[in-house]
1. It is to be established whether one or more residues within the range 82-93 are closer than 28 Å to A140 by Cβ and buried (at least 19 other Cβ atoms within 10 Å of the Cβ).
2. Does at least one position in the range 259-272 carry a residue that is modelled with pLDDT of 85 or more and surrounded by fewer than 22 Cβ atoms within 10 Å (Cβ to Cβ)?
3. Residues to consider are A99, A119; find the one that is under 23 Å from V378 (Cα atoms) and either of a type in the set (A, V, I, L, M, F, W, C) or out of contact with any Cys (no Cβ under 6 Å at 6 or more places or on another chain) (or both).
4. Mind listing just one residue for me: the one in the range 231-273 that is of a type in the set (V, I, T) and outside any helix (DSSP H, G or I) and, of those, nearest to V327 (Cα to Cα)?
5. Answer yes or no: is there a residue in the range 96-104 that is more than 26 Å from A53 (Cβ to Cβ) and part of a helix (DSSP H, G or I).
6. Of all the residues that make up the range 57-81, how many are surrounded by 16 or more Cβ atoms within 10 Å (Cβ to Cβ) and at pLDDT 80 or above?
7. Kindly evaluate L377 against the criterion of being assigned to a helix (DSSP H, G or I) and modelled with pLDDT of 95 or more.
8. Just to be sure before I move on: is A125 in a helix (DSSP H, G or I), in contact with a helix residue (DSSP H, G or I) (Cβ under 7 Å, 6 or more places away or on another chain), within 28 Å of Q83 (Cβ to Cβ) and of a type in the set (A, V, I, L, M) in the structure I sent?
Amino acid sequence: MSDNENLKDLLLALLAAAGILVGGLGAFCIATLTQWMPIEGMPGQREAQIWTALAMAAIALCGIPGLLIAARGFLDESRPHIQKPSRIWLLFLLFLPLAFLANYLAYEVEILPAILGPATNLLTAAFAVIVSIQLVLLYAPRISRRRFWGQFLTGLYAIPPSIMMLELAALIPIVMILTATLLSNGFSPFSPDFLMDPNFNPQSYWKQLDMETIFQPTSIMLLMVYLGLIVPLIEEFLKTFALWPVIRRITNPGEAYLAGALAGAGYGLFEALMLAQPGPSFLQVGLLRIGATFLHSATAALTSWGMFKALREKKWWIAPLSYGVAVLLHGLWNINAVVMSWLSLEEATEGLLYTLQQYHLDLLPPLVFLLLSAGTLVSLPWMANRTNRTNRDLKTASGLVTIRNNDLDSSW
């Protein structure tokens, strides 16, 4: 048993060390390039590079607790369990108003924007992750800290590169189909006369090219298929990766739900830090990233629970049903984001988008975001309670409390 436990500690240590090493080296390299090889002629590029370096450094720091827990297991074989959240965690709710304050001071009052701007993103990202995890832990089974950090770091370190590789591979045929279709319709992105113009402005050219390409019917269809179907199919499947090592050993479906929630929160943190850039549009970007983290955590938890029910309890129909619901919610979120971005474009003054604005249907995407964010947030504690078999046993034992050993001794 000791050798088996030490192996688990070693795996956590390797995962945490790899994340710390890759994140730290990435942050160092980007910061060095920003200092010694700045990109000229692109406004905001330097700030974006600095934030990317800070984001990678923050991601690297998240691995330190996992490394320390693994080391503790090696040294004294002490592997304590995660306890039910105390009221102290409510103090983290202050992160959201602090983020609003930091954003206001940075971009409205213009006080230390280089410091308070990134602080806004860090606070919003941390707020979403802490809230989603703590709400699940209120009703989830007690597991070891080693498993807790292992599953969270899996979502932060292991799942994102896997998803990016598959999404890039899926994007290649989409781009090939789009290019072939546009060329067959007489659309030429590279006009020799335009390129030889002495007043040629590359930045304006690529902006015009983007607009001409994006609003082609074929482009719209392929974009919706890719973001609304292919991306959710890939992400919702791979976000269950944290469950795979333990699915044959656990007997409580609540542990499967918790595994997905932790991995989804880790992946949500990665996206919140790497996709959102500091800026004055905090309400549009920061709050959407908070909702996206809630969504990632809830859908990953739902899919993981469905996988457990299929493989362990032979209720095969639950797996495709839960996976389908997760993909549907994720696809709706992505398509809604695309529509919202289109509605914010200056060029959207005619056609379908103009019609939506005339009938005030441009208010629909923010409403959808709000409903999805609130719904997934509420579902996290509710589903954690419903899926935790120990909670149901305590309610129905008629005075005789029956708690499975697995719920009290989830050492991995």
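The values are calculated or read from the model by the stated rules, or taken from the named source; none is laboratory data. Since the model is a prediction, treat every value here as computed from it, not as a measurement. Cβ coordinates were reconstructed from backbone atoms using ideal geometry, including for glycine residues, and neighbour counts include every protein chain displayed.
1. Here is the first cut: in the range 82-93, the residues closer than 28 Å to A140 by Cβ are 82-93.
Now drop any that are not buried (at least 19 other Cβ atoms within 10 Å of the Cβ), which leaves 82.
The answer is yes; a qualifying residue exists.
2. Going through the range 259-272, the residues modelled with pLDDT of 85 or more turn out to be 259-272.
Those left that are additionally surrounded by fewer than 22 Cβ atoms within 10 Å (Cβ to Cβ): 271.
Yes, the range 259-272 has at least one match.
3. On the way: A119 fails: under 23 Å from V378 (Cα atoms).
From the options A99, A119, the qualifying one is A99.
4. Kept after step one, since they are of a type in the set (V, I, T), are these residues of the range 231-273: 231, 234, 240, 246-247, 250-251.
Checking the rest, the ones that are also outside any helix (DSSP H, G or I) come to 240, 246-247, 250-251.
Values: T240: 13, V246: 23, I247: 22, I250: 25, T251: 26 Å.
Among those that are of a type in the set (V, I, T) and outside any helix (DSSP H, G or I), it is T240.
5. Quick first cut of the range 96-104, residues more than 26 Å from A53 (Cβ to Cβ) only: 97.
Those left that are additionally part of a helix (DSSP H, G or I): 97.
Looking through the range 96-104, at least one residue is more than 26 Å from A53 (Cβ to Cβ) and part of a helix (DSSP H, G or I).
6. As a first pass, look at the range 57-81 and keep what is surrounded by 16 or more Cβ atoms within 10 Å (Cβ to Cβ): 57-60, 62-63, 66-67, 69-70, 72-73, 79, 81.
From what is left, the residues that are at pLDDT 80 or above are 57-60, 62-63, 66-67, 69-70, 72-73.
Selection size over the range 57-81: 12.
7. Numbers: assigned to a helix (DSSP H, G or I): yes; modelled with pLDDT of 95 or more: yes.
The answer is yes for L377.
8. Values: in a helix (DSSP H, G or I): yes; in contact with a helix residue (DSSP H, G or I) (Cβ under 7 Å, 6 or more places away or on another chain): yes; within 28 Å of Q83 (Cβ to Cβ): yes; of a type in the set (A, V, I, L, M): yes.
Spelling it out, A125 is indeed in a helix (DSSP H, G or I), in contact with a helix residue (DSSP H, G or I) (Cβ under 7 Å, 6 or more places away or on another chain), within 28 Å of Q83 (Cβ to Cβ) and of a type in the set (A, V, I, L, M).
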